[in-house]
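In what follows, a structure is listed as structure tokens, so that the remarks can point back to it.
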């Protein structure tokens, strides 16, 4: 056993079987060495003990004649400067290897081959990643959004102008209309609104499918053309459409189930109590629907990027969202509010301009009278196209980046993404596209 406290000195220690003062060649008989040979080895500084020992924890190796004592070990903590002082020789706060990422023991900066760093993301980084995707790959992103928005809006305007224009509006605005006339007009209006919604839904599905591919490539810092995005997304578009329709039917079923008791009470007994019960059931069904929609909100990128089926994509989203429901709900709500504000800033001026250019003017539009002429439909449609061109990339990008963020947190996807991006050292930052 070595009793040397804190360090091992050259030579023997007291516990090695020698007396503290016995050292040198004269004390080694039988070695064949002359006793008058000068001792060229320095005396062992650790073989003599002092009566007064330094306090515990402050031992330092002694220095020989003409040697400078070694510096004390560096202090640790926030107040201890790095080796070399603040700017002297040997380093400092501005020297390589020191600073927040190295000198203080912090993690190295994450690699960033594309629009996001490959690590768990914050809210601002997710929103910024969606905007950076649109800014960096603006030709592809805006080209996809503009094409889908124009196609969708043209179909909607033609349906409203040629087929659905003023259908049932006169009856609904007539106070003398009979109950059967009101029911027929309401049915026709519901069908027409459903047709318009279905056309808009198809456009949303196509835009989401293509922009999901673009965003996933932007994370790796790789450009992608519209043709490449469509070639990659085309096998999954039908499944994505089925997924969205299934989610919409689920929401409608929940709302109808919640309202059903109130509707039955209204039809058979007290109308006032039935209406109140139906409203309460609608709110309860709405809360359950919101919970399910957030729970399944990552099914779309899981279906597109993992080439999953509808059922597996729903279960995949459930596993990724588990334990992070409120965070994902908050981020998606914030992104939706931002997208709607941007769309409103664009659409509302076009709507008032369309009303001013139409025959009834703004006052007629605000009062709800008159029909929707071609001027109104075309001008307001242009505003809708511009609004959709901007909001499509934001909503789709946030959803994809949330999916990637959850997989980084739970499955260390950042390592796979780094390898896919060709980064040898995941801790070294890559170039920032668009900077």
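Is there a residue in the range 247-261 that is modelled with pLDDT under 95 and within 23 Å of the chain's Cα centre (by Cα)? Yes, the range 247-261 contains a residue that is modelled with pLDDT under 95 and within 23 Å of the chain's Cα centre (by Cα).
With respect to the conditions (1) surrounded by 14 or more Cβ atoms within 10 Å (Cβ to Cβ); (2) at pLDDT below 90, residue 368 falls short on a single one, namely (1).
Tallying residues that are closer than 19 Å to residue 245 by Cβ, free of Cβ contacts under 8 Å to residues at least 40 places away in the same chain and surrounded by fewer than 16 Cβ atoms within 10 Å (Cβ to Cβ) within the range 196-235 yields 3. From the list 274, 309, the one residue that fits, being at pLDDT below 95 and over 24 Å from residue 209 (Cα atoms), is 274.
Among all residues of the range 268-290, there is none that is closer than 27 Å to residue 158 by Cβ and over 25 Å from the mean Cα position of the chain (by Cα).
The values are calculated or read from the model by the stated rules, or taken from the named source; none is laboratory data. These figures come from a predicted structure and were not determined experimentally. Virtual Cβ from ideal backbone geometry, glycine too; neighbours counted across all protein chains shown.
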